[in-house]
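Here the structure comes first, spelled out in structure tokens, and everything after it is commentary.
The values are calculated or read from the model by the stated rules, or taken from the named source; none is laboratory data. Fair warning: this is a prediction, and the values are worked out from it, not measured in the lab. Cβ placement follows ideal geometry from the backbone for every residue including glycine, while neighbour counts extend to all protein chains displayed. With ligands, DNA and RNA removed, areas are computed over all heavy atoms of the protein, side chains included. Shrake-Rupley method; radii C 1.70, N 1.55, O 1.52, S 1.80 Å.
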Protein chains: 2
Amino acid sequence: MKAIEFREIFKFPENYYGKEVIVEGWIRTIRDSKNFGFIELNDGTYMKNVQIVFENILSNFEEVRKFSTGSAITVKGMLEHTPGAKQLFEIKATEITLEAGSDSSYPLQKKRHSFEYLRTIAHLRPRTNTFSAVFRVRSLAAFAIHKFFNERGFVYAHPPIITASDAEGAGEMFKVTSLDLDNLEYVDGKVDYTKDFFGKPSNLTVSGQLEAEIFALAFKNTYTFGPTFRAENSNTTRHASEFWMIEPEIAFADLNDNMQLAEDMIKYIIEYVMENGKEEMEFFNSFVDKELFAKLDNVLNSDFGRITYNEAIEILKKNNDKFDYPVEWGTDIQTEHERYLSEKIFGKPVFVTNYPKEIKAFYMRMNDDNKTVAAMDLLVPSIGELIGGSQREERLELLEKRMDEMGVAKEDLWWYLDLRKYGGVKHSGYGLGFERLIMYLTGMGNIRDVLPFPRTPNNAEF
Amino acid sequence: MKAIEFREIFKFPENYYGKEVIVEGWIRTIRDSKNFGFIELNDGTYMKNVQIVFENILSNFEEVRKFSTGSAITVKGMLEHTPGAKQLFEIKATEITLEAGSDSSYPLQKKRHSFEYLRTIAHLRPRTNTFSAVFRVRSLAAFAIHKFFNERGFVYAHPPIITASDAEGAGEMFKVTSLDLDNLEYVDGKVDYTKDFFGKPSNLTVSGQLEAEIFALAFKNTYTFGPTFRAENSNTTRHASEFWMIEPEIAFADLNDNMQLAEDMIKYIIEYVMENGKEEMEFFNSFVDKELFAKLDNVLNSDFGRITYNEAIEILKKNNDKFDYPVEWGTDIQTEHERYLSEKIFGKPVFVTNYPKEIKAFYMRMNDDNKTVAAMDLLVPSIGELIGGSQREERLELLEKRMDEMGVAKEDLWWYLDLRKYGGVKHSGYGLGFERLIMYLTGMGNIRDVLPFPRTPNNAEF
């Protein structure tokens, strides 16, 4: 007889009522009296525990009583329907075998731990309710994303992680090298990169967008889903040095198509996770953010707002007394403004489009006013910016002009310019920070708590 | 009226017979005579082209005649069933609009290009038949993998890419730093890493396995799918410095469970890709490897062989005259031996298990003979090793002993040892090199041709 996983049992418990089963898992709690005891068992395949009842008829009853929290056991027994009880069913054990003990120093005893403390034991925190739910939702959301794009025929692209060009200028990059730093060779006071692995300086990517454009202009619809990096010394609850990003890129598509895709995607992910992670989402709604379901339902049932930067500034200016940073035309929109727009003005997600060219990247398409570019940011209640994207500048001359103006090296991006020479049709795309999405889906407030092993300044443990 | 994607048209062409459609795409070829012409159009969403017929009734007929290969166009016209013709249907254009021209320097003219040359234009090669098929199969295989594990309830884990420990000792690692290499600060002749981003030396991961074990001992079943790195100066057709790896890890599972999972997974992926990438796979079978279908069918219809290292050595020794590197007990099995076993002896994939401890990693479970460890390699015809895995050493004392013997720093891996203290039940896992899998599925012979933008010594272009 093979062990049955909890996710199977909880899917169709009635299939197992009155039947003998074998289960295996880890002891979450154990309490006993002289003649019987209870074990809350979790096998990792489902959020909920199964209650095991054991009695002194077990040949190893005295041994079982002493099993410690965290131990791994196998249980053979009868699965009994228990209507009216706290749990729908329990297992009456006829055999319990210790598979692996747990030292009494095990930190996950019954008491509640702070998220801060749990970060220091990131190798054990997935065994807690909160982080079990977080990483399961993370996994579900990742699958939802792949499924969404797969259904629409998007080709999943893997842009390079190591790159020789600081192309986007999106932020500080980590350097990658195979040189012996204790014994560097210099030429004219500069490191001799001809000796390095790639024969020139190389970095960790900050975005796969430029390469995604290559794929979009071959496959029409493409997306990336992979790690990206920022060597920025910022210690906020929203920034990590290593995070995952989703970057769809679509050809024969303008900014409106881009916004539609983003809206469809967000709604698809929420629906998928709500349906396939019911237990986990209920946990978050009960214990992390009591407004979570209301918030997500509101997203599902809204048509996202659309507003231009010009309009947004007009609205915000009238409320400048409410902000730490008053806005005027030309300033970037800060988190406080983003939240004000999406929470107070729209009460739902809203796209802000057509930002001043000065505050956006070189590759965004110039609008006819020659002052703004076809950018779009999706602002959502309680988070702020969730998605940033644009229609790309497909006109070679205008692109080169912007690169010159903004000091982007054209030599390095010869291939990016080439795309404009050969069938460089209009195309658009956006980036979604995966961890921000998970924070949004779960209500968790710190990016360190939605990454399995977060990398931040001075922290690369595990 | 919206443009219809080719993947839709080819799915149910009969839905469109005799109907007016709009399509958009890039010109693969164009030929014309005085009164009419033909365009082979590809829109990127499907492997095949659609033939566009245009006649001199078009108001811009003279213009259209001059459209160049690679240009992007929109076509309005009647989709006509053409039984008996080379293609099942064609579109008779009533309107053709140029969306983006293509310079006459476009390198993808009709002539055939070598794979070597196409690598130098990796930004354009996805537009060729071969690479369109390669990257589409790559995308399908990735989805198949996520789908396979999702159906079995595996949690998708994201282990860190930047890591502070050279844990596995699996090979040369790339260093990651934010220090200014032109102005390094030294203490006692060594680089002062306290000034570095993470406060200590850090590297790019060579494997997410050790962190996957964390997840397996919380969720029972987990897998990773992400980039890994090797700073090895090897210029072979099978090695790249940056590649993607899939690493499942399962708890309450021994080496037999591990082999079963690997076999199920390989068969699942092949079936999925054969079914969802018919055109692409037929292309490979016709133009890249005429034995491809026979080979893959054989895998689908076989129970994979299972043989111990001891048995393998006995067989190979009898054939030592056939090898460049004769084997004896204790030597590693080279590609020539791997292929001999899977091709000549078994004629199908075969697992070799229980290798001498000296040639395997510290974390593999010691067998009772104290000479071999519970390792498994999956060898497949024409490729050699496709998968490497093991049951992990879950016994703390034995693990520490092996780490001491092999010089693995225990301080760095305190958390890995912790896993053995707290419910460290038996568990197993393996690694599958994604690019090797794609080579196997497509018959492509060089890893540089299954990676969108390969990284190899002295090559980080694009």
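For segment B:195-212: of the residues being in contact (Cβ under 8 Å) with a residue 60 or more places away in the chain and more than 9 Å from every other protein chain (Cβ to nearest Cβ), which is nearest to B:VAL450 (Cα to Cα)? It comes out as B:SER207. Taking the numbered list (1) in a helix (DSSP H, G or I); (2) more than 23 Å from the chain's Cα centre (by Cα); (3) within 16 Å of A:ALA375 (Cα to Cα) in turn, A:ILE345 passes all entries but (3). Cβ-Cβ contacts under 7 Å between residues 6 or more apart (or on different chains), taken from a first residue in segment B:34-61 that is of a type in the set (Asp, Glu) to a second residue that is part of a loop (DSSP other than H, G, I, E, B), are listed as B:GLU40/B:ASN49; B:ASP43/A:LYS220; B:ASP43/B:GLU5; B:GLU55/B:ASN35. Quick one: is A:ALA133 part of a helix (DSSP H, G or I), in contact (Cβ under 8 Å) with a residue 12 or more places away in the chain and more than 8 Å from chain B (Cβ to nearest Cβ)? It is true that A:ALA133 is part of a helix (DSSP H, G or I), in contact (Cβ under 8 Å) with a residue 12 or more places away in the chain and more than 8 Å from chain B (Cβ to nearest Cβ).
Consider A:SER382 carefully, then state whether it is within 21 Å of A:GLU435 (Cα to Cα) and open to solvent by 30 Å² or more (accessible area, probe 1.4 Å).
Numbers: within 21 Å of A:GLU435 (Cα to Cα): yes; open to solvent by 30 Å² or more (accessible area, probe 1.4 Å): yes.
So A:SER382 fits the description; yes.
Applying the set (1) modelled with pLDDT of 95 or more; (2) buried (at least 16 other Cβ atoms within 10 Å of the Cβ); (3) on the phi < 0 side of the Ramachandran plot; (4) not small (Gly, Ala, Ser) to B:TRP329 leaves exactly one unmet item: (2).
Can we say A:GLY305 is over 10 Å from A:PRO381 (Cβ atoms) and surrounded by 13 or more Cβ atoms within 10 Å (Cβ to Cβ)? In short, yes.
Each residue in segment B:314-324 was checked for being under 19 Å from B:ILE383 (Cα atoms) and open to solvent by less than 30 Å² (accessible area, probe 1.4 Å), and 2 of them qualify. Among the candidates B:ASP192, B:ASP254, B:ASP264, B:ASP188, the residue that is at positive phi, of a type in the set (D, E, K, R) and more than 9 Å from chain A (Cβ to nearest Cβ) is uniquely B:ASP188.
In the set B:ARG395, B:ARG455, only one residue is under 23 Å from A:SER105 (Cα atoms) and within 10 Å of chain A (Cβ to nearest Cβ); that residue is B:ARG395.
Looking at this structure, is B:PHE143 touching a His at 6+ places or on another chain (Cβ under 9 Å) and either part of a loop (DSSP other than H, G, I, E, B) or open to solvent by less than 20 Å² (accessible area, probe 1.4 Å) (or both)? Yes; evaluated as a whole, the condition is true for this residue. Just one of the listed residues (B:ILE121, B:ILE161) is more than 7 Å from chain A (Cβ to nearest Cβ), of a type in the set (Val, Ile, Thr) and within 21 Å of the chain's Cα centre (by Cα), namely B:ILE121. Among the residues making up segment B:263-290, a single one is in contact with a strand residue (DSSP E or B) (Cβ under 9 Å, 6 or more places away or on another chain) and of a type outside the set (A, V, I, L, M): B:GLU263.
Quick check on my filter: what residues within segment B:283-298 are within 19 Å of B:ARG112 (Cβ to Cβ), open to solvent by 60 Å² or more (accessible area, probe 1.4 Å) and in a helix (DSSP H, G or I)?
If the condition is that a residue be within 19 Å of B:ARG112 (Cβ to Cβ), open to solvent by 60 Å² or more (accessible area, probe 1.4 Å) and in a helix (DSSP H, G or I), then B:PHE287 is the only one that fits.
Only one of the listed residues (B:TYR416, B:TYR430) is out of contact with any Lys or Arg (no Cβ under 8 Å at 6 or more places or on another chain), touching a residue at least 60 places away in the same chain (Cβ under 8 Å), in a helix (DSSP H, G or I) and open to solvent by less than 10 Å² (accessible area, probe 1.4 Å). That residue is B:TYR416. Only one of the numbered conditions (1) facing another protein chain (nearest Cβ under 8 Å); (2) in contact with a Leu (Cβ under 8 Å, 6 or more places away or on another chain); (3) hydrophobic (A, V, I, L, M, F, W, C) is violated by A:PHE143, and that is (2).
Reported count of residues in segment B:217-243, each being at the interface with chain A (Cβ under 8 Å from one of its Cβ atoms), in contact with a helix residue (DSSP H, G or I) (Cβ under 7 Å, 6 or more places away or on another chain) and of a type in the set (Gly, Ala, Ser), is 1. Report yes if some residue within segment B:95-105 is at the interface with chain A (Cβ under 10 Å from one of its Cβ atoms), assigned to a helix (DSSP H, G or I) and touching an Asp or Glu at 6+ places or on another chain (Cβ under 8 Å); otherwise report no. Looking for residues that are at the interface with chain A (Cβ under 10 Å from one of its Cβ atoms), assigned to a helix (DSSP H, G or I) and touching an Asp or Glu at 6+ places or on another chain (Cβ under 8 Å), one finds none in segment B:95-105, hence no. The residues of segment B:25-75 that are of a type in the set (Phe, Trp, Tyr), more than 14 Å from chain A (Cβ to nearest Cβ) and in a strand (DSSP E or B), listed by number, are B:PHE36, B:PHE38, B:PHE54.
The condition of being out of contact with any Phe, Trp or Tyr (no Cβ under 7 Å at 6 or more places or on another chain), at pLDDT 95 or above and crowded, with 21+ Cβ neighbours inside 10 Å holds for only one of A:PHE67, A:PHE38, A:PHE54, A:PHE6, that being A:PHE67.
Within segment B:70-100, if we keep just the residues that are under 37 Å from the mean Cα position of the chain (by Cα) and polar (S, T, N, Q), the residue that is surrounded by the fewest Cβ atoms within 10 Å (Cβ to Cβ) turns out to be B:GLN87.
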